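Below you'll find the structure, written out as structure tokens, and then a few comments.
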Amino acid sequence: MNEDDKNQREIRYAEGGTCNSNPGNPNNSKKTTEKSSNIAQKAAQEAKAASDAQNIAGQQAARQVKTQLAEKAVQAAKAAEEVLSGKKVIVDQLQEEVREAQSVVQEESASMEQEQANVNAAVQAARQSQDQLKTLTRAMQTAKANAANAQAAANGAQKSLREKEELVDAAKRRVEELSSQLKNARQELANTNRAAARASAAASEAKANASRNKRRLENIRKMRTMKKR
């Protein structure tokens, strides 16, 4: 298996892991982005190495070797572009998860406000029942029952409010976590863009070197032909 086939296999593995893994798992996303970034950097290094090899070879290199080096640089640039596409998919997925988590926060916040209103109403009812207990001596037993019921309702509403607050806190933590992942993914995307640009530049330089060497060989052949005449 040559280096180009190995790079293509690693790219397919990285992209397959991104599609099949749980988007909400930060460890999977982090491992995938790190692996993809390493592949892109490796591709850029191979493209640069191919270009450097051409410069060292000079006029002593054969035309076929120059052509193979240029093709290798082009393939490395294509590999970097494929990794860049995978990075963009990861960023889109993280942005969608952030939007969903923010929607949950808004919904739970609205529900918490309603629960707070219920608590206030229940507390007010409890106070009214207690006032009735003080002023209505003849309805003491009934007032006590009403107060107990109102207090139970208030306790239940307060418990529900605490549960809602815990859900909102968890959702907020999730938003912060996803925002951090999104920031890291964007940084990885920027790094991959730079690596892809370097690979593309190296490929262009390799093509130009191959073209110049081809013209040199043709000129040398022409000069030899003219000398023989």
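Every read-out reported here was derived from the displayed coordinates using simple, explicitly stated rules and does not represent laboratory data. Quantities reported herein were computed from a predicted structural model and do not represent experimental measurements. Quick reminder, even Gly has a Cβ in these numbers, built from the backbone with ideal geometry, and neighbours come from all protein chains shown.
Structural remarks
- For the stretch 122-199, the set of trypsin sites (Lys or Arg not before Pro) satisfying both a DSSP loop assignment and a count of at most 14 other C-beta atoms within 10 Å is given as ARG138.
- The stretch between ARG127 and THR142, if pulled fully straight at 0.36 nm per residue, gains 3.9 nm over its current Cα-Cα span.
- The HN-Hα couplings worked out from phi for the stretch 82-98 by the Karplus form 6.51 cos²θ - 1.76 cosθ + 1.60 (θ = phi - 60°) are 5, 4, 4, 4, x, 4, 5, 4, 4, 4, 4, 5, 5, 5, 5, 5, 4 Hz, whole numbers, x standing for Gly and Pro.
- ³J(HN,Hα) computed for each position of the stretch 105-115 - Karplus, 6.51 cos²θ - 1.76 cosθ + 1.60, integer Hz, glycine/proline x: 4, 5, 5, 5, 5, 5, 5, 5, 4, 5, 5
- Under 12 Å, Cβ to Cβ, from ASP92 - net charge with Lys/Arg +1 and Asp/Glu -1: +2
- Restraint check, LYS78/LYS222; LYS48/LYS222; LYS42/LYS183; LYS88/LYS214; LYS134/LYS159, Cα-Cα greater than 30 Å: LYS78/LYS222; LYS48/LYS222; LYS88/LYS214
- In Hz, Karplus ³J(HN,Hα) per residue of the stretch 207-220 (6.51, -1.76, 1.60; θ = phi - 60°; x = Gly, Pro): 4, 5, 4, 4, 5, 5, 5, 5, 5, 4, 4, 5, 5, 4
- Cβ-based charge dipole, the stretch 77-197, positive-most Cα from ALA79, THR142, VAL105: THR142
- Cβ-Cβ FRET estimate between ARG215 and ALA49, R0 fixed at 30 Å, reported to 0.05: 0.80
- Net charge of Cβ neighbours under 15 Å - reference LYS144; Lys, Arg +1; Asp, Glu -1: +2
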